[in-house]
Amino acid sequence: MNGVRSVSWNTIAQTLATWWANPLLRHARREHPMPLRRVGTGIIVAATILAGLTVLAWVTSFRPLGALLMGVSLGGVLAPALIAPVASADRVARQMHYSKQDPRRLTDLGDEEIVWGLMLVTLWRLRWLIIAGLALTPALIIGVLRLDVAEFAIWRDSAQVLAAATPAARAPFLRSDGTIPYF
């Protein structure tokens, strides 16, 4: 088991190192550097504040704030995931189509390495959206947990009411065989 983990980790580390060393990504990183310490601190602070607000909305049962945080966090997490593939494909297609922008003319890299590089450059340009998604992830997780707990509480209360009701009172809610008509 430990050998499998080691091999898996080495493969992942080697792939990430290859991507990080891609000449097109390296050029994009040089042109638009990212302040990693500030970003790391910002993610931790923002995630803590948003998670705290989400817990506060849960504890106080202030539903508008909880719904707002859930919507914002869902949008913030999904935005990079939805934008990145389309933007990457568009960037690769545009740059390979126009001869002035075609990286194959400027470098001796293979086609596969150029395509990976262009996709990684697109992700590098979307890095602020990805960072926002990382900061919003704890709020989204707490919001989803809250939804599951609320759904379970409603299901439990409904089951208790139906169990305590007389057969005549249960008749409009249950079928003759005792099952619940969901649809």
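Throughout, read-outs are computed from the coordinates displayed, never taken from laboratory work. If you're wondering where the values come from, they're calculated on a predicted model, not measured in any experiment. Counting neighbours? That spans all protein chains shown, and the Cβs are built from the backbone with ideal geometry, glycine included.
Could I have the simple spin-label model distance between ALA81 and ALA21, label points 7 Å from Cα toward Cβ, reported in nm to one decimal?
If labels sit at ALA81 and ALA21, their model points lie 3.2 nm apart.
Tabulate in residue order the Karplus-calculated ³J(HN,Hα) for segment 33-39, using 6.51 cos²θ - 1.76 cosθ + 1.60 with θ = phi - 60°, rounded to whole Hz; enter x for Gly and Pro.
x, 10, x, 5, 5, 5, 5
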